[in-house]
Amino acid sequence: LKQKEALLAEVNDKGEVTVEGEFVGRLEGFRFSPDKSAQGTEAKALKTASMQALAPQFHLRADRFYNAPDTEIDFTEQGGLMWGEHAVGKLTAGADALNPTITVFVDDAAGADVAQKVERRLQHFISRKIAALFEPLIALQKDEELTGLARGFAFRMVEAMGILPRAEVAQEVKDLDQDSRGALRKHGIRFGQFTIFMPLLLKPAPTRLRLVLWSLVQGLQEFPEAPPPGLVTVPADANAPKGYDTMCGYRAAGTRSIRIDMLERLADMLRGEDSRGGFEAKPDMLSITGMTLEQFADLMTGLGYKAEKGERVKVKAVAAPTPDTAKDSGSEPVKADATPEAGLTEETATTAEAPAEATEGTEAVAEAPAAASAEQAEEAAPEMEQFVTFTWGRNRQGGGQRGQRRDQNAEGGAGRGGKPQGKGRGGKPQGKGAGKKGGRPQQGAKTFSSRPPKQEKKIDPDNPFAAALMGMKQGK
């Protein structure tokens, strides 16, 4: 080392560094890890020599990294920034959630120029990534036409990265007029019953980045990971930080969390049900949530409903009789050429064979009551099924617009769907006069013809032609 002024260093594709042909360590990104087998003064001398030899390699690598496409760079669930398999930096909290800062992983021996070049490249990467994945949110933030309350609400949406629980901004939503809501809807904002959100930001890629940016703002040491993509419900994590389920695009309800867009679809179905008188879960409700009835009951309890379980006799579907079945069940027609004598002959033959089969018949008759009693026992114990009835369990005055609409519908009467009891279809009272049309009793079957029924003309007996026609009819 003392004899040579310049040392020759080489780095292969695996990042292995050799100085004058001797292995001295590995280059991982822009950080050098010396060979662990060297110890003491030897290790110190090797590191000093390696850093002197790697100086030009750092600049070459920085130039190649700066010109690398974004597809070679990515961020991790914990906010790390990767170039291939090597960590080259990490994200840190910035002025706001959508503008994080960069901390680079570059050795001091590489120099300030290398560090600045790596930092600029990583800043360009994360800025383009945020602009692409949060494009609707950036457009909302830059819209200068929004004024007044609409602009204030847009600021809240950007601050929350596109997802706001409605309960947190209930008064602000109430203060928005129709023009303001229309202007916000043009940016893709949906005013749901439980959540106000931008559906495009619920996709897996924006959700993954939103969790990282949110974790930076919250100052978390360990960032929670996003749920697996494509799941409608996931188990609720009681140890997760507050607001985690919202940033994931879910809402906790019971022991599970449901995706907020599916929750709004479920809310649309529930809006047509009689939540005061009670209703049962429809197959469509279980289908969109992918839950069993028991899991669905736990979900509804978490949303504020009361679930009452019950048991009843299961109604079996009766198959309609087919023409073949009806033909088999009927009696066979009597043959035309059958004579009484033939019938007597067959009856006599059957009577003659009866004494020979009397023993076998007695045993069959003895076994018949036992089999019949078993069948009767099975019929006496009908199959039962479980069912759950749901009713709204919270104070209706705090239930928002949905509760108010439901109360107004229920005031029409105690019947299902708010229909008054004791009245027929269309609100007309039943009882005396029911079954009449226009105050006159209906006779015979209904007719839908626009012409009145044709009445047969009476035959004049004094008319000779009519008398002849009457005689012909009577002759028939």
Problem - For residue 83, residues with placed amide H under 5 Å, excluding near neighbours - result: 88
Completion exercise
Regression test value, accessible area per residue of the stretch 79-191, probe 1.4 Å, units Å², expected 52
Exercise for the section: Determine, from the Cβ-Cβ distance of residue 190 and residue 217 and an R0 of 22 Å, the FRET efficiency 1/(1 + (r/R0)^6), rounded to the nearest 0.05. Expected result: 0.40
Handout entry: Heavy-atom accessible surface of the stretch 147-224: percent carbon and sulfur, 1.4 Å
Key = 52
Exercise for the section: Indicate the gyration tensor shape class of the stretch 102-165 (rounded, prolate or oblate), computed on the Cα atoms with a ≥ b ≥ c the square roots of the eigenvalues: a/c under 1.5 is rounded; otherwise a/b larger than b/c is prolate and the rest oblate. Expected result: prolate
Fill in the blank from the handout: Scoring only Lys, Arg, Asp and Glu (+1, +1, -1, -1) among other residues with Cβ under 10 Å from the Cβ of residue 133 yields +4
Fill in the blank from the handout: Descending accessible area (1.4 Å probe), largest on the left, turns 232, 313 into 313, 232
Problem - Label point 7 Å beyond Cα of residue 108 along Cβ direction - residues of the stretch 52-96 with amide nitrogen under 15 Å - result: 52
Exercise for the section: Sort 299-306, 273-280 for me by packing, meaning the mean count of neighbouring Cβ atoms within 10 Å per residue, highest on top. Expected result: 299-306, 273-280
Problem - Net charge of neighbours whose Cβ lies under 15 Å from the Cβ of residue 66, counting Lys and Arg as +1 and Asp and Glu as -1 - result: +1
Practice task
Run the quick spin-label model on residue 13 and residue 311: label points 7 Å from Cα toward the beta carbon, then report their separation in nm to one decimal.
Solution key: 6.9
Problem - Per-peptide average of other Cβ atoms within 10 Å, ordering 119-129, 137-147 highest first - result: 119-129, 137-147
Fill in the blank from the handout: Taking alpha-carbon centroids only, the stretch 218-283 lies from the stretch 177-194 a number of Å equal to 22
Fill in the blank from the handout: Gyration tensor on Cα atoms of the stretch 199-257, a ≥ b ≥ c root eigenvalues, a/c under 1.5 rounded, else prolate if a/b beats b/c, else oblate, says oblate
Practice task
Estimate the FRET efficiency between residue 48 and residue 76 by the formula 1/(1 + (r/R0)^6), using the beta-carbon distance for r and 35 Å for R0, to the nearest 0.05.
Solution key: 0.60
Exercise for the section: Holding the Cα-Cα limit at 29 Å, pick out from 142/203; 174/282; 14/36 the pairs that are longer than that. Expected result: 174/282
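The values are calculated or read from the model by the stated rules, or taken from the named source; none is laboratory data. Predicted model only: the values in this text are computed from it and were never measured. A quick note on method: Cβ atoms are made from the backbone with ideal geometry, for glycine too, and the neighbour counts reach across all protein chains shown. Please note that ligands, DNA and RNA were not included when accessible areas were found on the heavy atoms of the full protein model with its side chains. Shrake-Rupley method; radii C 1.70, N 1.55, O 1.52, S 1.80 Å.
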